[in-house]
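The block underneath contains the structure these notes are about, expressed in structure tokens.
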Amino acid sequence: MPITNTTDLSALLQHMLAQCQPLYRSGKVADYIPALAQVAPQQAAVAVATLDGRLHSAGAAQQSFSLQSISKIFGLVMAMNRLGDELWQRVNMEPSGQPFNSIVQLEWEQGIPRNPVINAGAIVVADVLVSHYSASKTAFLTFLRRLTAEEAIYADQQVYLSELEHGNRNAALAYLMKSFGNIEAEVPQVLEHYFHQCATAINCEQLARSLLFLANRGVQPHSNEQVCSRRDAHRVNAILSTSGMYDQSGEFAFKVGLPAKSGVGGAIVAIVPQFGVITAWSPPLNRFGNSVVAMQLIQQLADELGLSLF
Ligand code: GLU
């Protein structure tokens, strides 16, 4: 990897962050979940965790935000570990070409979601977790605490309750899939799990560290734990490369060229195999639901360091 001088990397992150300031105004904070609308827009952070244990960051990198869709990665890894290849009979691995919460495709395709990182797919994954763990919400938090090596990871109750109250579209997806026989547990229980994992509060530094195993063939470097198999780490990265950035995944692959996932809380995580993980966060979103500033930060860093896999 071209950057070996850690002072250079920290200085580069600071510099990039300062340059992004004017972009705050070109996005809009998510408001379809009312609790998210209360987040101050003019905030940003970037962090890079590397496999050799180093962590570089700039901006509000210890400020918690709502994990939202990025939680789908952790749920997916847990479900892959529990269910093995059976999971892929209930959810596909193709890009959807539709908004993340679209219902139409699900009707045509008999209740089998296109992939596990659109909402319908993540709800199937939530069903697997609810059906295989006696306390799935706790199991999810425990998994994240282990990956971050920090006990202080919680679900934000205000965000959780706000999602529960305004979750009609996700409920529609879940009931439609139940009608096709692709949801086993009771829908309200599945939705509670899904909203709870989306409401996890985390910061850029914790998030970058937590996903290092995906850059390291399934092994978490700080604990040496084999979090998932090498094959599954590869598969998760493949899904993130084709579907992780909502309906802008093609453009992101074209411009950045890294497996990545974004969430409506304003964070984006990008995996750099054999090197580390980049996270960036800033609340205002573009029309696809991706953070304007975080996209810019990750794109610029990938450019500067020549990180594209393609
Ligand atoms: N909890 C959000 C929802 O289901 C997650 C959306 C996202 O971050 O893409 O609508």
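The values are calculated or read from the model by the stated rules, or taken from the named source; none is laboratory data. In this text, all values refer to a predicted model and were calculated from it rather than measured experimentally. Cβ coordinates were reconstructed from backbone atoms using ideal geometry, including for glycine residues, and neighbour counts include every protein chain displayed.
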Selection from the range 155-188 of residues closer than 20 Å to residue 105 by Cα, within 12 Å of the ligand (Cβ to nearest atom) and either of a type in the set (A, V, I, L, M) or touching a strand residue (DSSP E or B) at 6+ places or on another chain (Cβ under 7 Å) (or both) yields 171, 172, 173, 174
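Using the structure shown, decide if residue 130 is of a type outside the set (S, T, N, Q), without any contact (Cβ under 8 Å) to a residue 60 or more places away in the chain and more than 25 Å from residue 270 (Cβ to Cβ). I'd like the intermediate steps shown before the answer.
On the way: of a type outside the set (S, T, N, Q): yes; without any contact (Cβ under 8 Å) to a residue 60 or more places away in the chain: no; more than 25 Å from residue 270 (Cβ to Cβ): yes.
No: the conditions fail for residue 130.
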If I ask for residues that are hydrophobic (A, V, I, L, M, F, W, C), within 16 Å of the ligand (Cβ to nearest atom) and at pLDDT 95 or above, which ones from the range 279-294 would you list? 280, 281, 285, 292, 294
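Looking at 211, 297, which one is within 24 Å of residue 143 (Cβ to Cβ) and at pLDDT 95 or above? Give the steps one after another, and end with the answer.
Working: 297 fails: within 24 Å of residue 143 (Cβ to Cβ).
Only one candidate passes the filter, namely 211.
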Select from the range 91-106 the residues that are crowded, with 17+ Cβ neighbours inside 10 Å and under 14 Å from residue 249 (Cα atoms) and list them in ascending order. 95, 96, 100
So residue 183 fits all but one of (1) modelled with pLDDT under 95; (2) not in a helix (DSSP H, G or I); what number is the exception? (1)
Can you go through 276, 250, 263 and tell me which one is within 16 Å of the ligand (Cβ to nearest atom) and either in contact (Cβ under 8 Å) with a residue 40 or more places away in the chain or not acidic (Asp, Glu) (or both)? 263
On the given criteria, is residue 139 under 22 Å from residue 248 (Cβ atoms), touching a residue at least 24 places away in the same chain (Cβ under 8 Å) and in a helix (DSSP H, G or I)? no
